[in-house]
Amino acid sequence: MARISVIVPCYNASAFLEKTIESVLAQDTQDWELILVDDGSTDATPEIIERHCSQDARMRGVRQQNAGRACACNLGAARIAPDAQYLFFLDSDDQLVPGALRLMSNYLDTHPEVCLLGCQFQEVDPEGRPYGTAKRSRWVPGFFLPRQLSDDERETPFVTFFCATGQGPFAMYRRSVFQATTGWEKKLSCFSAQEDSDMFCQMALLGKVHYLPDRFYLKRVHGTSITQQCDRVQNAYTVFRQKWDQFQSEDPKKAELLRNAKRHYQTRHRPFRDLKVALRELPAFFRKPSLGHIRWTLFLLKSGIKGLFSRERF
């Protein structure tokens, strides 16, 4: 029986895919299946998938023409075992620490009201060595300024994800709730970025989201990772904002959540974020002045001040 379905979207992933698969094999629970979705790779990825699937019946490989991560995740989710209760979407260059699947599924077993369980992560370099001390921040409304949730505040509200914080591939989904979403946003698939932001918003409208402070996920930092491609990430964020800034719901409770989240994002989160970035950029400008740099800094300052004094009705 496969109680947990681990879905790995793969595109030209031969450099790190072996380590990703090994991290699933090293889990201390056996009630999982591993679905490897080849997104039209042109390197040795298909051969790696075929070899591992031939050696372990818990692994299955599927292939699609290159369409991006969101489409690959949707295909993998459509192929899960009928008795699977939980889903974990694991990026093909990342890893799970031993015990991650057992501990996260046990938490969901004992918290039936939780539809999505996140965790913290540890960045590692291409060789798998710890790299930096980054952590996933979760921002919520404060008394006046936005504030970050502390590690002992496990419940994470919808507004956190509406502001595009707290999201990431390090999460376990309750299948019954995931199937009530519209799936991974295909409009974001061409960017292979911000899909998690959209999915976390969808899940948080349907149930409670909790976070564990444990670093169960190893996130690999390397030159070809999508997070290093700033233009694609920014374009994906624009698509994400266009969708959720205009998103409507006929359900009164969801409509109220959306109104409150929009108000906070427009009048607090974004203005203070823009002002914070602008102040951070000023020293860089004085060290190496450029017209483009000052234009960007002035744009952020203007955006921040305008947002703080906005009288837009929500």
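One residue alone among A236, A171, A164 is closer than 28 Å to P126 by Cβ and free of Cβ contacts under 8 Å to residues at least 60 places away in the same chain, and that residue is A236. Inside the stretch 1-38, residues that are out of contact with any strand residue (DSSP E or B) (no Cβ under 6 Å at 6 or more places or on another chain) and part of a strand (DSSP E or B) make up a count of 0.
Restricting to the stretch 69-116, give me the number of residues that are small (G, A, S), outside any helix (DSSP H, G or I) and farther than 17 Å from M203 by Cβ.
Step one: of the stretch 69-116, the residues small (G, A, S) are 70, 72, 76-78, 81, 84, 92, 99-100, 105.
Now narrow it down to the ones that are outside any helix (DSSP H, G or I): 81, 84, 92, 99.
In the following step, the residues that additionally are farther than 17 Å from M203 by Cβ were identified as 81, 92, 99.
Of the residues in that region, 3 qualify.
Assess whether Q122 counts as being in a loop (DSSP other than H, G, I, E, B), within 18 Å of the chain's Cα centre (by Cα) and of a type in the set (S, T, N, Q). No; evaluated as a whole, the condition is false for this residue.
Each row is one residue, and each column tells you yes or no for (1) surrounded by fewer than 18 Cβ atoms within 10 Å (Cβ to Cβ); (2) among the aliphatic types (A, V, I, L, M).
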{"position": "A72", "(1), (2)": "no, yes"}
{"position": "L75", "(1), (2)": "no, yes"}
{"position": "S92", "(1), (2)": "no, no"}
{"position": "L108", "(1), (2)": "no, yes"}
{"position": "G118", "(1), (2)": "no, no"}
{"position": "E127", "(1), (2)": "yes, no"}
{"position": "F143", "(1), (2)": "yes, no"}
{"position": "Q167", "(1), (2)": "no, no"}
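Tell me whether the stretch 173-186 contains one or more residues that are closer than 22 Å to V233 by Cβ and charged (D, E, K, R). Within the stretch 173-186, one or more residues are closer than 22 Å to V233 by Cβ and charged (D, E, K, R).
Quick one: is N66 assigned to a loop (DSSP other than H, G, I, E, B) and either among the polar types (S, T, N, Q) or buried (at least 24 other Cβ atoms within 10 Å of the Cβ) (or both)? Yes. Residue count for the stretch 256-312, restricted to those that are acidic (D, E), at pLDDT 80 or above and out of contact with any helix residue (DSSP H, G or I) (no Cβ under 6 Å at 6 or more places or on another chain): 1.
Taking the stated definitions as given, is N12 assigned by TED's automatic domain parsing to the domain that holds A193, at positive phi and in contact with a helix residue (DSSP H, G or I) (Cβ under 9 Å, 6 or more places away or on another chain)?
Numbers: assigned by TED's automatic domain parsing to the domain that holds A193: yes; at positive phi: yes; in contact with a helix residue (DSSP H, G or I) (Cβ under 9 Å, 6 or more places away or on another chain): yes.
For N12, the condition - assigned by TED's automatic domain parsing to the domain that holds A193, at positive phi and in contact with a helix residue (DSSP H, G or I) (Cβ under 9 Å, 6 or more places away or on another chain) - is met.
Taking the options A81, A100, name whichever one is of a type outside the set (S, T, Y), surrounded by fewer than 18 Cβ atoms within 10 Å (Cβ to Cβ) and in the same structural domain as R174 (by TED's automatic domain parsing).
On the way: A100 fails: surrounded by fewer than 18 Cβ atoms within 10 Å (Cβ to Cβ).
A81 is the lone residue from the list that is of a type outside the set (S, T, Y), surrounded by fewer than 18 Cβ atoms within 10 Å (Cβ to Cβ) and in the same structural domain as R174 (by TED's automatic domain parsing).
Scanning the stretch 262-290 for residues that are surrounded by 13 or more Cβ atoms within 10 Å (Cβ to Cβ) and of a type in the set (A, V, I, L, M, F, W, C) yields F272, L275, V277, A278, L279, L282, F285.
Among the residues of the stretch 68-88, write down those that are aromatic (F, W, Y) and over 12 Å from I35 (Cβ atoms).
Initially, the stretch 68-88 is screened for residues aromatic (F, W, Y), giving 86, 88.
If the condition is that a residue be aromatic (F, W, Y) and over 12 Å from I35 (Cβ atoms), then Y86 is the only one that fits.
The values are calculated or read from the model by the stated rules, or taken from the named source; none is laboratory data. Worth saying up front: this structure is predicted, and the values here are computed from it rather than measured. Please note: Cβ atoms are built from the backbone with ideal geometry, for glycine as well, and neighbour counts cover all protein chains shown.
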